[in-house]
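Asks: Can you read through this structure? Questions will come right after.
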Amino acid sequence: MSDGALIRLRGVTKTYGQGAVAFQALKGIDLDIAAGEFVAVMGPSGSGKSTVMNLLGCLDTPTAGEYLFDGIAVQRLDRDARARLRRRHLGFVFQGFNLLARTSALENVELPLVYRGENRAARRAASMAALAEVGLTDWADHTPAELSGGQQQRVAIARAIVTRPTVLLADEPTGNLDTERSREIMQLLQRLNHEQGITVLMVTHEPEMAAFARRIVHFRDGRVERDERLQEEPV
Ligand SMILES: Nc1ncnc2c1ncn2[C@@H]1O[C@H](COP(=O)(O)OP(=O)(O)OP(=O)(O)O)[C@@H](O)[C@H]1O
Ligand SMILES: [Mg+2]
């Protein structure tokens, strides 16, 4: 895109419910994120962090305002086109890992490629490569119950990157992990950002984890309260 913004939100609002129970979770968000950034999103509970992540991930639609992804007006796409954009460009990691329980790590990682209709050999190769990137080659045949929390989250990250997404969206990826495991996940996200150029957006409540990012966007009451650059962006 000509001016460098991979993600651009302008005047984005989100209202849940209608009438007397309507609640405005986002009250006008303007936000630009360039390709290759590693951004942490912080803010009190209920300030709209997950709401904005769901909008960015095309899992939900704004009530008003504009969302441009690589120059494409997402709000003007129909449902199918939005789903294609999501499958092609976006990877998701959640606090609760969201792995299929009775399914091996390898099969969990393969799932997005099944949806893409890739053949078995291609799926297998790409999924083993993704598991190798998160350091779990030897755990491919294990089910989530046989893995630690940190390992499960690494499987979830492998599943998110197996499609080679442009953007990785992680909503409290370390929320269920102890400090040491959390640091390992942050180092992994940092490496994916540096080495593969994946744009990373991560929600966290922990300042220590946010410090792994190069920029922190602070939310409060459905607004961006502060946009903090931790370090010069590489030229
Ligand atoms: N599906 C929904 N229906 C109604 N209200 C909702 C819905 N989802 C979120 N909200 C409300 O919108 C506000 C923002 O919620 P959101 O989940 O974005 O907060 P958050 O910043 O992610 O908080 P947390 O740190 O607790 O995860 C909250 O007041 C929440 O109750
Ligand atoms: Mg949340």
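Asks: Among the trypsin sites (Lys or Arg not before Pro) within segment 91-135, which fall in a DSSP loop and have no more than 14 other Cβ atoms within 10 Å of their own Cβ?
Replies: Passing sites in segment 91-135 are Arg102, Arg116.
Asks: Around Phe92, which amide H atoms from residues at least 5 apart in sequence, or from another chain, sit under 5 Å from its own amide H, with H modelled in the peptide plane?
Replies: Those lying under 5 Å, H to H, from Phe92 are Leu169.
Asks: Farthest toward the dipole's positive end in segment 1-150, which of Thr51, Ala105, Ala121, given Cβ charges of +1 (Lys, Arg) and -1 (Asp, Glu) about the Cα centre?
Replies: Projecting each Cα onto the dipole axis, the largest value belongs to Thr51.
Asks: Right, another one. Mind checking the angle between helix 120-133 and the chain's longest principal axis? C-alpha axes, 0 to 90 degrees, to the nearest 10.
Replies: Approximately 80 degrees, to the nearest ten.
Asks: How charged is the neighbourhood of Gly135? Take every other residue with its Cβ under 10 Å from the Cβ of Gly135, and add Lys/Arg as +1 and Asp/Glu as -1.
Replies: -2
Asks: Calculate how steeply helix 79-89 sits against the longest principal axis of the alpha-carbon atoms of the chain, using the helix alpha-carbon long axis, and give the answer as 0 to 90 degrees to the nearest 10.
Replies: 60 degrees
Asks: Here's a follow-up. Between Val162, Val134, Pro173, whose Cα lies farthest towards the positive end of the dipole of the chain when Lys and Arg beta carbons carry +1 and Asp and Glu beta carbons carry -1, centred on the Cα centre?
Replies: Going by the Cα projections, it comes out as Val162.
Asks: Calculate for the chain the 222 nm mean residue ellipticity that helices alone would give, adding -39,500 (n - 2.57) per DSSP H run of length 4 or more and normalising by residue count, nearest 500 deg cm²/dmol.
Replies: So the calculated ellipticity at 222 nm is -10500 deg cm²/dmol.
Asks: Next question. Kindly state, to the nearest 0.05, the FRET efficiency for Arg220 paired with Arg120, given R0 = 35 Å and r defined as their beta-carbon distance.
Replies: 0.15
Where a number appears in this text, it was derived from the coordinates with a stated rule and is not lab data. In this text, all values refer to a predicted model and were calculated from it rather than measured experimentally. Methodologically, a virtual Cβ is constructed for each residue, glycine included, from the backbone with ideal geometry; neighbour enumeration extends over all protein chains shown.
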